[in-house]
Amino acid sequence: MTIEVDPDWWKTLFDDVYLLTDARSVDNEAVTRREIDIFTSLLSLRPGDRILDLCGGHGRHAIELSRRGFHGCTVLDYSQRLLDIGAGNAAVGNCPVRFLQGDARHTGLAAETFDHILILGNSLGYIPDPDADLEILRECRRLAKPRGWLLLDVTNGAAVNTSMAPQAWHEIGEDVVVCRQREVKKASIRARELVLSKTDGMIRDRTYSIRLYRADDLADLVKRAGFEGIQVHTDASALDPDLDVGCMNHRIVVAARKP
């Protein structure tokens, strides 16, 4: 059975329900802190650096960086709803993070603006156009200052091919159940996600597809985008290995610099 996916799924999926269904990985402060510990160990961050959290959703990483004294953070994402949530969280925490809506392929931001550009939490590989990810990385190169850093955190495609369970489910509180059917085909994972309320019935029935990268292929893509000094780290996940959180369980982290 093939799971059919709307090619524009990524334009509408990321909302309050997404934060509920994926809370274990994307709305968990302890996980975010551990991830930032990993990422900052790979970059030479200074308090005055300008940092772009590209495809950064509700800005959990940028907010944590701001808490640690890195106040030059900008979040750009397509989902206005996630940006609004992030801006509210940043205001409550008195974190001076800027939130912008836009397309990662064509941000409209000024060239050579940022010391560090981060694409975290498996936020690459959503757009079906085969050149989309290269476009995003070339936009990162345009935005980075000379000798600026790029940091990618994506799922480990090789691990997914060998360990992904075709079905998974978990409960949220006493009422909500999340069920996922998954298949790996042609270097991508396709999934159908059903979110059910025991009292109110169906909350969501959606499908999505994410391109999978092996470490060598991702490093080659970064090189084609014009970066150098590429460092690849596999299985850098900060998540509990006993939890099945799909693509988030096994990760590749790539650090590289603009010439």
For region 174-191, just list the computed ³J(HN,Hα) in residue order, Karplus coefficients 6.51, -1.76 and 1.60, θ = phi - 60°, integers in Hz, with x standing in for Gly and Pro. 9, 10, 9, 10, 10, 10, 10, 10, 9, 9, 10, 8, 6, 6, 8, 10, 10, 9
Region 169-212 and region 1-36: distance between their alpha carbon centers, rounded to Å: 10 Å
What lysines does Lys223 reach when the alpha-carbon gap must be under 16 Å and sequence neighbours fewer than 8 apart in one chain are set aside? Lys258
List the aspartates and glutamates whose Cα lies under 13 Å from the Cα of Lys198, skipping any in the same chain that are fewer than 8 positions away. Glu171, Glu174, Asp175
Between Arg105 and Ala23, what length comes free when the chain is fully extended (0.36 nm per residue of separation minus the Cα-Cα distance, one decimal in nm)? 26.8 nm
For region 80-220, what does the relative contact order come out to in percent, with C-alpha contacts under 8 Å and a separation of six or more? 18 percent
Output the direction-averaged projected area (hull surface divided by four) of the convex hull of the alpha-carbon atoms of region 69-170, in nm². 9.1 nm²
I need the GluC sites (Glu not before Pro) found in region 80-151, filtered to DSSP loop residues with at most 14 other beta carbons within 10 Å of theirs. Glu112
Efficiency of FRET from Cβ geometry, Thr40 and Lys185, R₀ 30 Å, rounded to 0.05: 0.25
If you take the charge dipole of region 1-66 about its Cα centre, with +1 on Lys and Arg Cβ and -1 on Asp and Glu Cβ, which of Phe14, Ile3, Ile63 is farthest toward its positive end? Ile63
Calculated FRET value between Val92 and Thr2, using beta carbons and R₀ = 45 Å, to 0.05: 0.55
Tell me the carbon and sulfur percent of the accessible area for the chain, rounded to whole percent, probe radius 1.4 Å. 49 percent
Could you pull out every residue, at least 5 positions away or on a different chain, whose amide H is within less than 5 Å of the one on Leu100? Hs are placed 1.01 Å off N in the peptide plane, and Pro or chain starts have none. Val75, Leu76, Asp77
Using a 1.4 angstrom probe on the protein heavy atoms only, could you order Thr74, Thr40, Thr162, Thr234 from most to least accessible area? Thr162, Thr234, Thr40, Thr74
Ordered by residue, what ³J(HN,Hα) values in Hz, to whole numbers, does region 152-159 give under the Karplus form 6.51 cos²θ - 1.76 cosθ + 1.60, where θ = phi - 60° and Gly and Pro are x? 10, 9, 10, 5, 8, x, 5, 5
What residue among Gly121, Gly88, Gly148 has the largest mean-square fluctuation in a Gaussian network model of the chain, using Cα springs under 10 Å? Gly88
Whole-number accessible area per residue in Å² for the chain, which is evaluated in the context of all protein chains at 1.4 Å: 45 Å²
By how many degrees, 0 to 90 and rounded to 10, does the Cα axis of helix 215-224 deviate from the longest principal axis of the chain? 40 degrees
Which of the lysines could be linked to Lys185 by a straight reach, that is with a Cα gap under 24 Å, when you skip same-chain ones fewer than 8 residues away? Lys11
If you plug each phi of region 133-142 into the Karplus form 6.51 cos²θ - 1.76 cosθ + 1.60 with θ = phi - 60°, what whole-Hz ³J(HN,Hα) values come out, in order, with x for Gly and Pro? 5, 5, 4, 4, 5, 5, 5, 4, 4, 5
Just the number: Rg to Rh for region 1-147, Cα atoms, Kirkwood Rh, two decimals. 0.96
Express in Å², to the nearest 10, the accessible area of Asp200 obtained by rolling a 1.4 Å probe over the protein heavy atoms while all chains stay in place. 130 Å²
For Leu212, distant residues with modelled amide H under 5 Å away: Ser188, Ile189
His61 accessible area, nearest 10 Å², 1.4 Å probe? 10 Å²
Using the alpha-carbon atoms, what tilt in degrees (0 to 90, nearest 10) does helix 29-42 show relative to the longest principal axis of the chain? 40 degrees
Name the residues whose placed amide hydrogens come within less than 5 Å of the amide hydrogen of Arg251, ignoring near sequence neighbours (fewer than 5 apart) on the same chain. Asn156, Asp235, Ala236, Ser237
How high is the relative contact order of region 135-191, given as a whole-number percent (alpha carbon pairs under 8 Å, six or more residues apart)? 19 percent
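The values are calculated or read from the model by the stated rules, or taken from the named source; none is laboratory data. This is a predicted model, so every value here is computed, not measured. Heads up, the Cβs are rebuilt from the backbone with ideal geometry, glycines too, and the neighbour counts pull from every protein chain shown. To get the accessible areas, we keep the full protein, side chains included, count just its heavy atoms, and leave off ligands, DNA and RNA. Shrake-Rupley method; radii C 1.70, N 1.55, O 1.52, S 1.80 Å.
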